[in-house]
Amino acid sequence: MAISAKDVMSLRQRTGMGMMECKAALTEADGDVTAAIEILRAAAKGKMDERSDRAAAEGAIAIATDTGAAAMVELNSETDFTARNDSFVGAADKVAQIALAGADGAVATNDAIVAAVDEVRLTTKENCSFARGIKYTAQKIGAYLHHNRKVAALVVVEGDVDAETLTGLAQHVAAADGQMLPIPLAIDESGLPAADVAAKKAEFIEEAKASGKPADIAEKMSGGKLRKWVDENTLVGQAFVKDMTGKTKVAEVLGKAKVKAFTRYQVGVK
């Protein structure tokens, strides 16, 4: 059958493929648009698979929430230009919704996620991929996605805490970039590996001894330094980022509530 220029242009707009590729696909499919899209998808996927070794260090994060649940995912791309593209951002949002409908915990890749990623690979012609995802189910979940979609966080809380505080806690975790504010290693001291705590204490003792302090004094001095290190590297021990005075700790913001889990994503940083 005759393939009109209008049909070719319509297919091009839907797929992002070249005019000649679209015309060839429509011709092969005898004008069936759905079949032509599948032909283009298969051809594009083959080309993308050949590029799978190309670095995909850019990307975007998306968060999907519902009553009592939240999911956060990261999709990667080769360039920041693509990561900011509406189709790529839309794909990330779609994958987040898929994750929200799935099981709790780390998000496993499934056919729906693969299809969403393949679609954006088709339109962007880049090596795009699903990087990771997490889903929580709880009554109190704080969520924060930075405007650039490069950093995001989820915080699960048990107890009496309002929505503003939940968001603030998620913002705090997102702001912990390892520079001005250390990325928390655990919720509280009980979550820190005992070997790491022991190693830090030994390090502080040796520092004190090296400065000429007797062993008993060095032991006492290490206690204060260790307490500071624990506070700086646990979520509840850190100074709450939204308190500009730096005097209020996260534990004080929580009151009697407890953080049960938290996850921070930063594009390209595991």
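The values are calculated or read from the model by the stated rules, or taken from the named source; none is laboratory data. The model shown is predicted, which means the values in this text are computed figures rather than measured ones. All Cβ positions, even for glycine, are placed from backbone atoms using ideal geometry, and neighbour counts span all protein chains on display. Note: accessible area is taken over every heavy atom of the protein model, side chains too, but ligands, DNA and RNA are not part of it. Shrake-Rupley method; radii C 1.70, N 1.55, O 1.52, S 1.80 Å.
Observations
- Yes/no for LYS47 being part of a helix (DSSP H, G or I), open to solvent by 80 Å² or more (accessible area, probe 1.4 Å) and at pLDDT below 85: yes
- None of GLY142, GLY133 is of a type in the set (Gly, Ala, Ser), farther than 30 Å from LEU11 by Cβ, open to solvent by less than 10 Å² (accessible area, probe 1.4 Å) and in contact (Cβ under 8 Å) with a residue 60 or more places away in the chain except GLY133.
- Within the stretch 91-115, the residues that satisfy the criterion of being out of contact with any strand residue (DSSP E or B) (no Cβ under 9 Å at 6 or more places or on another chain) and surrounded by 12 or more Cβ atoms within 10 Å (Cβ to Cβ) are ASN110, ALA112, ALA115.
- Residues of the stretch 55-81 that are charged (D, E, K, R) and assigned to a strand (DSSP E or B): GLU58, ASP66, GLU74.
- Output for the stretch 227-253, where each listed residue is in a helix (DSSP H, G or I) and of a type in the set (Val, Ile, Thr): VAL230, VAL250, VAL253
- Selection of the stretch 3-31 for residues being farther than 26 Å from ALA91 by Cα, assigned to a helix (DSSP H, G or I) and among the small types (Gly, Ala, Ser) yields ALA5, ALA24.
- Of all residues in the stretch 128-139, those being in a loop (DSSP other than H, G, I, E, B) and touching a helix residue (DSSP H, G or I) at 6+ places or on another chain (Cβ under 6 Å) number 1.
- Once the stretch 76-90 is narrowed to residues that are in contact with a Ser or Thr (Cβ under 9 Å, 6 or more places away or on another chain) and either of a type in the set (Asp, Glu) or surrounded by 20 or more Cβ atoms within 10 Å (Cβ to Cβ) (or both), the residue that is modelled with the lowest pLDDT is GLU78.
- The numbered conditions (1) open to solvent by less than 10 Å² (accessible area, probe 1.4 Å); (2) over 17 Å from ALA62 (Cα atoms); (3) of a type in the set (Gly, Ala, Ser) are all true for ALA163 except (1).
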